[in-house]
Amino acid sequence: MTLDELEQWASDFERFHARFAPLFRRSEPRQAARQYLRGLLSSVRRKNTWQMAEALGERDPQRLQRLLFDAEWDADALRDELQSFVVEEFGHPEGIGVLDETSFVKKGTHSVGVKRQYCGTLGKRENCQVGVFLSYVSEQGHTFLDRRLYLPEEWAQDEPRRKAAKVPKQVSFQSKPALGVAMLEHAWQRGVPMRWVTGDEGYADAPYLRDRIAQEGLWYVLAVSCSQRVWRQRPPVEGPQQQTGGRPRHKERLAAEAAPAQSVAEVVAAWPASLWMRFAVGAGEKGPRLYDWACERVIECREGLPGAELCLIARRSVSAPDEIAYYLSNAPIETPLATMAQGAGARWSVEQCFEEGKGETGLDEYEVRYWPSWHRHITLSMMAHAWLASIRRQQRSQEEADAAKKKVGTDLCIAGRSQRTGSAASAGSRAAAGGGFASVASGLVAVASSQAPTGPHQSLPTA
């Protein structure tokens, strides 16, 4: 967004900033936050404090740097207010929470949480930081809800390193799925409306995350690795009490006649061709994302024992049939396959958030080393993204309203033409009465034919 475009939306931006202003007790950080947001929204090539300060006409970057390093304000309180904004703008009972992570390539060893680890941005092991994010998608749009910096175990146990990076004492090592659970629970406590949760296999392969979603009464459709083991029918068990689903009991054991569990890849490979259905669940860069989909009810293998009955869903590439993704869902048995596929497809919205955040609001263009500074920059970038998403929603709503008005004009034009047919006696009077209207309506027809298409419908209907 150019500064001129930002000025066009100045009143909306000022209202957006004003709702967060009380969280900055002093005027200096309050105004610095306003400038920082403007810098993140600008078209400056690289959105670090130096270049943003120059673009904003600041003498030096000190005011923006103090905002990240020294000023007194709570990034978590800002995050909470941002969640309230997201609920107001995008909240829907059928909303979807999406868990995913992204990497930030870094040099050196001093930036908090940095280590040589798998870097999704580059697709290989590299020196980087990893942030775990929760995004939100509904029929109104998509944006970020929460963020956590992943602190590797060696960092969590290295007290001098923690102290140098200003890691709070209460922060301990947590796996990425555990961070995901913490963000989901915080969103639920704050009343974020949500029906579904989705994410990739890094989160679904953690059973406790799936259990926690189910305990909340929500449905998940989560990608799992091809080695995830299931039974096609519930196997018999021996023990003091028959297993009926849920968490397995360690005193139980499989009966001697029980068939071994299979990997989800083996189960899907045995499915007949008649089970597959082809449809799209959203729009991609090159058109609708078209895949073959199929599903079957299975019994989860949990620590070698039968667990809950779930739905195994497979998504197969049309152009490369060997490329298959696998999902598990706890949705009710009557839930249509298309509905679960929509939930699985919604995961791509967080990829859009990352792409937009890094491309438009400087999500990855920070130059900070400390724990508080990382969370402050990321939170401000999330704010800028959420405001942009709200502007796009307003523009889309206006385009839809304009298109509806033009369609009414088109219908009236057609009705006017049909009224001009009839008896010869009244033809002249009808033509005289309708001549002026017809000339105006023809212009409406030309405009209506070029109406902008609306975005893809991302929410899930009630099963």
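The values are calculated or read from the model by the stated rules, or taken from the named source; none is laboratory data. Bear in mind that the values here come from a model prediction, so they are computed numbers and not experimental data. We place every Cβ from the backbone using ideal geometry, glycine too, and count neighbours over all the protein chains shown.
Given 357, 362, 422, 345, which one is outside the structural domain of residue 313 (by TED's automatic domain parsing), at pLDDT 60 or above and at positive phi?
Every option except 362 fails the conditions.
Say whether the condition of being within 29 Å of residue 198 (Cα to Cα) and exposed (fewer than 13 other Cβ atoms within 10 Å of the Cβ) is met by at least one residue in the stretch 50-61.
No, the conditions are met nowhere in the stretch 50-61.
Return the residue satisfying two criteria in turn: it lies in the stretch 110-125 and is in a loop (DSSP other than H, G, I, E, B) and in contact (Cβ under 8 Å) with a residue 12 or more places away in the chain, and of such residues it is surrounded by the most Cβ atoms within 10 Å (Cβ to Cβ).
The extreme case among them is 112.
Just to be sure, is residue 265 within 19 Å of residue 224 (Cβ to Cβ) and either at pLDDT below 95 or part of a helix (DSSP H, G or I) (or both)?
Yes.
So how many residues does the stretch 313-362 have that are touching a Lys or Arg at 6+ places or on another chain (Cβ under 9 Å) and among the hydroxyl-bearing types (Ser, Thr, Tyr)?
3
Which residue pairs have Cβ atoms closer than 6 Å, lie 6 or more positions apart in sequence or on different chains, and pair a first residue in the stretch 28-49 that is within 19 Å of residue 66 (Cα to Cα) with a second residue that is aliphatic (A, V, I, L, M) and in a loop (DSSP other than H, G, I, E, B)?
Listed by first residue and then by second, the contacts come to 29/71; 35/56; 39/56.
Restricting to the stretch 259-269, give me the number of residues that are within 12 Å of residue 298 (Cβ to Cβ) and either surrounded by fewer than 16 Cβ atoms within 10 Å (Cβ to Cβ) or of a type in the set (Ser, Thr, Tyr) (or both).
2
Being within 27 Å of residue 349 (Cα to Cα), without any contact (Cβ under 8 Å) to a residue 40 or more places away in the chain, buried (at least 21 other Cβ atoms within 10 Å of the Cβ) and not small (Gly, Ala, Ser): is that true of residue 128 here?
yes
I'm trying to understand the selection: among the residues of the stretch 126-151, which are within 13 Å of residue 374 (Cα to Cα) and part of a loop (DSSP other than H, G, I, E, B)?
Within the stretch 126-151, 150, 151 meet the criteria.
Please go through the stretch 23-45 and pick out each residue that is exposed (fewer than 11 other Cβ atoms within 10 Å of the Cβ) and touching a helix residue (DSSP H, G or I) at 6+ places or on another chain (Cβ under 9 Å).
Within the stretch 23-45, just 45 meets the criteria.
May I ask you to verify whether residue 331 is part of a loop (DSSP other than H, G, I, E, B), surrounded by 13 or more Cβ atoms within 10 Å (Cβ to Cβ) and at pLDDT 95 or above?
yes
Give the residues of the stretch 53-69 that are without any contact (Cβ under 8 Å) to a residue 24 or more places away in the chain, in contact with a Gly (Cβ under 9 Å, 6 or more places away or on another chain) and outside any loop (DSSP other than H, G, I, E, B), sorted by residue number.
Across the stretch 53-69, the qualifying residue is only 53.
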